[in-house]
Each structure stands twice: as C-alpha cells, then as structure tokens.
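The values are calculated or read from the model by the stated rules, or taken from the named source; none is laboratory data. Everything numeric here is computed off the predicted structure, so don't read it as measured data. Glycine also receives a Cβ, built like all others from the backbone with ideal geometry; neighbour counts cover every protein chain displayed. Note: accessible area is taken over every heavy atom of the protein model, side chains too, but ligands, DNA and RNA are not part of it. Shrake-Rupley method; radii C 1.70, N 1.55, O 1.52, S 1.80 Å.
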Amino acid sequence: MEGGIVKKQRDGGMRGKSKGRAVDPRALAEVRALLEEGRRKTGVEPRRRDLLIEHLHGIQDRYRCISAAHIVALAREMGLATTEVYEVATFYHHFDVVKEGDAFPPALTVRVCDSLSCELAGARQLMDGLKRALGPGVRVIPAPCVGRCEQAPVAVVGQNPVAAATAEKVQPLAVAGETGCPIGKYVTYAEYRKKGGYRIAAECLAGKRDAEALIKTMEDSGLRGLGGAGFPAGRKWRAVRSEKAPRLLAINIDEGEPGTFKDRHYLERDPHRFLEGAIIAAWTVQISEIYIYLRDEYAGCREILERELKALRAGPPCALPPIILRRGAGAYICGEESAMIESIEGKRGMPRLRPPYVAQVGLFGHPTLEHNMETLHWVRDILEKGPAWFASRGRRGRNGLRSFSVSGRVKQPGVHLAPAGITVKELIAEYCGGMLPGHEFYAYLPGGASGGILPAAMGDIPLDFDTLNQYGCFIGSAAVIILSDQDKARAAAANVMKFFADESCGQCTPCRVGTAKALKLMEAPRWNQPLLEELSAAMADASICGLGQAAPNPIRCVVKYFPKEVA
C-alpha cells in the first residue's frame with residue numbers, strides 16, 4: 001500500500017469532468033471495472049494523476065491495445081483532458097494506441113531486438129524468418145534493446161523472452177499464444193533472512209547504528225553511482241539528508257542502454273540485497289517513501305519483486321517505509337533521472353531543465369535521492385565487510401568492483417564481476433573465455449551505445465570512471481560490446497544512432513533533428529565529416545540531457561579511430 005506523505009501533490013488531476021467527445025458507455029464501464037480492481041488490490045485511490053500510466057498498462061494488458069474510446073473514458077474518470085491522456089499513451093512504445101477507424105492489432109506480438117548485440121547475432125535474418133514462419137496472424141516488429149544482450153539474438157513472444165532465438169524456437173510459443181515470463185531460481189525472502197539478510201536494516205531501525213558513521217563508511221568505500229553518471233554515493237546521501245523533509249527515494253531500474261543487463265542479472269538472482277540497501281539508505285537519509293521504477297521489458301523481474309515485496313511486508317524484519325513499485329512503458333529516455341521522475345508522476349518521460357536538481361526538487365516536488373539498483377545492491381556488503389574491502393578490489397589504482405555486462409563476439413558473454421581498472425583485453429581473456437572461434441578482436445564499445453567506440457589497439461586502457469574521457473568515451477554502466485574483424489565500426493555507430501533517433505523524446509531540437517539527420521548522413525558510402533562534426537557539436541552543446549549530449553560519441557570515435565571506414 002502506498003504511503004500518504006505526498007498525497008496532496010498527487011491528487012492534482014481530480015478537476016471534474018473532461019470536455020470534448022462523448023464517452024462510450026461500454027468503454028466507461030470497462031475502465032471503471034479496471035480502476036476498481038486496482039483499488040481492491042492496492043487500497044489506493046485509483047483516480048490520482050500519478051497513476052495514469054499504471055491504468056494505461058491495465059487497459060493494454062486486458063485488451064491488447066488502448067482504443068480511442070478507452071482514452072476518452074479514462075480521461076473522464078480521472079478528471080483529465082483527453083489530450084493529456086493521449087499524449088502520455090502515445091509517448092511510450094509499449095502502448096498500442098488505436099485511433100478511430102484503425103484496425104486492432106493481432107492477438108499476439110513478437111518483438112525482435114535489433115540493437116547492436118542482437119544485430120551482430122543475426123537479428124535481421126531472425127525477423128525475416130519469423131515473418132515467413134508465423135504468417136499474418138502474428139505481428140512481428142523490431143524492438144530496441146530488451147536487456148538480454150548476452151542471449152542474442154532475442155525475441156519476445158508476448159512477455160516471454162526467447163534466448164538465442166530461432167524461428168523453430170519461437171513458433172511453438174506463438175502458436176500456443178504463450179505470453180507468460182518464466183522465472184528461474186532466486187534467493188527468496190525466507191532464504192535471505194536465514195543468511196543474515198536485513199540484520200543491518202533492523203539494527204538501523206532499532207537505533208543501534210549511527211547515521212553519520214554509516215554515511216562516512218559509504219564515502220570511504222569510494223562507491224559511485226553505477227547507473228552511468230558515477231556520482232559518489234555517500235556524498236549524495238549527505239547532500240539529500242541536508243534538504244528539507246519530506247524526502248523521497250527513487251530507484252532507477254530502467255536499464256535501457258543497449259549492451260546493459262547487470263541490474264536484471266542481480267534482480268533475477270538476489271532481489272532482497274538491493275531492497276535491504278534501499279531500506280538502509282532510506283533510514284540514513286530519513287526518507288519517507290521509496291519508489292522503484294522498473295522497465296516494462298522485465299516482466300519476470302516485476303513478478304519476482306511483487307512476490308517478494310508481499311513476503312517482506314507480511315513478516316517485516318523492522319519498520320518499513322512505504323515501498324511503491326512502478327512500471328515503465330518502453331522509453332529509453334526514462335533512464336535519465338528527471339525523465340524517470342516525470343514518468344513516476346504519470347507524465348511523458350521528458351527530462352527537466354536543471355537546476356534545480358532532483359536532490360533539491362525531485363519527485364512530487366520533494367528532495368529526492370535517486371539511485372541505480374546496483375548501487376544499492378552493494379550497501380550491505382560494504383557495511384558488513386568494511387569500506388576497505390570494496391575500495392581495495394580495483395586494479396591500477398582504481399577503487400572497487402564493477403559488474404561488466406559483456407556481449408558481442410566473445411565465448412562467454414554475461415555479467416562478469418571484475419576489478420575496476422581492468423582492461424578490455426584482460427576482461428576478454430580472464431572472464432569471457434576469449435574471442436569466438438574465427439574472430440579476432442577489432443573494436444569495443446566500453447560504455448554501451450553512448451560510450452563511444454575504440455579500436456583493439458587501445459584495449460589496454462583501464463575500464464573505470466574518468467579513465468576514458470580523454471579518448472572521447474566513457475564507461476557509463478559498464479556495458480562492453482566486443483566487435484571482431486568481421487564487423488565494421490561504422491555499422492555499429494549507425495546502429496546506435498538509429499537507436500538514439502528512435503528514442504529521442506523530441507523535447508529539444510538539437511537531439512530530435514540532429515540524431516535523425518546524422519543517421520541519414522551516416523548511410524552514405526563516404527561520410528560528410530565536416531557536416532557530421534557540425535551536427536555533433538550542436539547536439540553535444542545544446543541538448544537538454546545526456547541522450548543528445550552523448551549521441552555524437554560514436555560518430556566522433558569512428559572518424560578519429562577508424563578513418564578508413566568512412567573516407
């Protein structure tokens with residue numbers, strides 16, 4: 001059940017009846033039934049403005065799409081203008097909005113990931129094969145990264161991901177109409193408690209721990225935000241704690257960067273470790289409510305979290321703050337912290353101009369501690385083993401451990417826990433079993449789609465925060481994609497630029513127009529390098545958020561390090 005600390009701010013949408021077209025009685029009855037189901041399940045007033053995206057999910061799940069009649073009915077029930085509901089519904093990829101007169105989608109949709117790792121593994125051929133095998137009764141469409149790059153190529157049948165997908169694997173599921181997401185073995189609440197889980201959280205809530213000492217431990221550990229920005233965690237806790245109450249915690253598990261899947265890896269295996277970290281952080285910073293924003297592609301993780309949160313609340317180890325799970329709807333931009341906050345508030349996920357920063361004015365207008373899930377995953381270990389344990393694990397003078405999401409042309413792709421400061425050559429040799437047979441190391445993306453591209457000759461650079469900046473790259477969330485001599489850096493750059501063009505929220509012109517124009521220019525046999533640099537400078541200097549600012553990195557890297565490919 002959600003808490004009431006910020007209820008006043010969240011009730012702002014209840015303004016009376018909407019104006020405009022007449023409401024269809026059947027659609028209105030269906031919407032009201034869904035809202036009542038939500039009330040019985042959560043005990044929360046369903047007509048709050050911040051629940052709009054949750055209700056759109058309810059309609060999509062039940063009816064496979066969102067009709068114009070449903071949009072009008074939902075607007076009426078929530079006291080919103082029809083355009084407010086429509087603009088949110090059409091912003092997110094996973095909502096099938098059907099306009100009046102348009103045909104409804106087929107009963108089943110199969111999505112084929114076409115991001116870089118899956119393209120290297122044959123996603124285009126897979127899509128063509130599926131269209132032939134499944135026929136017109138099943139919709140087969142491309143999808144941006146689904147967070148399973150180590151399993152490439154990946155197809156998603158309904159909500160069921162198929163690893164190393166082939167037409168032969170997918171067809172039986174499609175025929176059966178399979179939409180469930182299988183869940184593997186993971187550490188349950190009972191198992192986690194038996195292994196000492198929540199002991200530190202209980203000590204905090206019982207007053208046996210000192211908040212200042214705890215923040216000092218986090219600062220001494222050198223733990224930095226592991227979502228990409230790398231801001232020191234302890235310093236962030238101290239800064240938000242100094243802000244006026246009430247304060248909120250927003251946990252970002254959107255993980256949409258192509259090449260990244262570490263958060264999913266940990267969620268599927270040990271979900272309570274990050275939940276305990278969140279509770280400890282909430283106590284230390286004096287947080288009133290915790291919000292977890294989980295990307296919609298992770299249906300299995302959502303089921304795990306719903307199940308385990310229920311178990312946690314049924315037998316709590318200590319007093320718990322309200323913990324609210326929110327569901328994304330397919331928008332890479334919501335990995336940006338302020339865009340995520342807008343989405344949690346039930347709006348389009350458009351980044352906010354800063355300042356003020358979310359630590360000052362964040363979720364529902366309150367100071368907000370924003371963290372990546374993996375950052376909180378390490379809190380228990382650091383407090384149990386001490387800050388020196390974590391800080392001393394790096395190489396070449398770097399601090400800590402990094403969870404590298406490795407995909408591409410290696411024998412053993414996956415999440416590899418390795419020392420910060422390891423080089424990509426060492427990562428391939430020591431953790432990934434070497435290159436695939438018949439492939440020679442050619443190039444690598446050290447930080448996913450936005451982190452740039454470097455040649456194999458520069459494979460001895462330490463992989464960590466701040467070590468790659470001078471080369472026009474960064475490590476970000478440590479998504480490492482390996483290319484071989486059978487690949488082209490320019491093709492990889494074009495793939496990620498297409499992703500940026502598709503995922504731009506459209507708010508600012510440099511990003512919206514620049515990414516589309518750059519993609520068109522990159523299709524030419526010879527690149528117009530002066531014009532591409534002009535576009536790159538405009539995007540990097542004038543875009544509102546990191547998407548447009550980082551989008552030029554692959555272009556600039558190819559021009560600088562792979563000039564023969566584009567001359």
| request: Taking every pair of alpha-carbon atoms in region 145-196, give the share separated by more than 14 Å as a whole percent. | output: 60
| query | If you put +1 on each Lys and Arg Cβ and -1 on each Asp and Glu Cβ, how big is the dipole of region 415-567 around its Cα centre, in Debye rounded to 20? | reply | 520
| task | Quote the charge dipole size of the chain about the Cα centre in Debye, to the nearest 20; the model charges only the Cβ of Lys and Arg (+1) and of Asp and Glu (-1). | result | 860
| request: Please tell me the relative contact order of region 118-235 in percent, rounded to the nearest whole number, where contacts are Cα pairs under 8 Å and at least six residues apart. | output: 16
| field | 10 Å-binned pair-distance histogram of region 225-356 (Cα, whole percent) | value | 11, 41, 39, 8, 0
| note | A 1.4 Å probe over the protein heavy atoms gives region 311-406 a carbon and sulfur accessible-area percentage of 52
| remark: For region 407-562, the Cα convex hull volume per residue in Å³ comes to 105
| D for the chain, whole µm²/s, Stokes-Einstein with Kirkwood Rh over alpha-carbon pairs at 10 °C and 1.306 mPa s: what number? | 65
| Length-normalised contact order for the chain - Cα pairs under 8 Å, 6+ apart - percent | 12
| task | Determine the per residue accessible area of the chain with all protein chains present and a 1.4 angstrom probe, expressed in square angstrom. | result | 40
| message | Per residue of region 398-414, what does 6.51 cos²θ - 1.76 cosθ + 1.60 with θ = phi - 60° give for ³J(HN,Hα)? Whole Hz please, x for Gly and Pro, Karplus curve as stated. | response | 8, 10, x, 10, 10, 8, 8, 8, 10, 9, x, 8, 10, 5, 10, x, x
| query | Computed over the Cα atoms of region 421-513, what is the convex hull's projected area averaged over all directions, in nm²? | reply | 6.7
| query | Ranked highest first by average number of other Cβ atoms within 10 Å, how do 48-61, 289-302 line up? | reply | 289-302, 48-61
| task | Please report how far the C-alpha centroid of region 318-392 lies from that of region 61-135, rounded to the nearest whole angstrom. | result | 27
| message | If Rh is defined by the Kirkwood formula over all Cα pairs and Rg also comes from Cα, what ratio Rg/Rh do you get for region 488-567? | response | 0.94
| message | Defining a contact as two alpha carbons under 8 Å apart and six or more residues distant in sequence, what relative contact order in percent does region 431-542 show? | response | 21
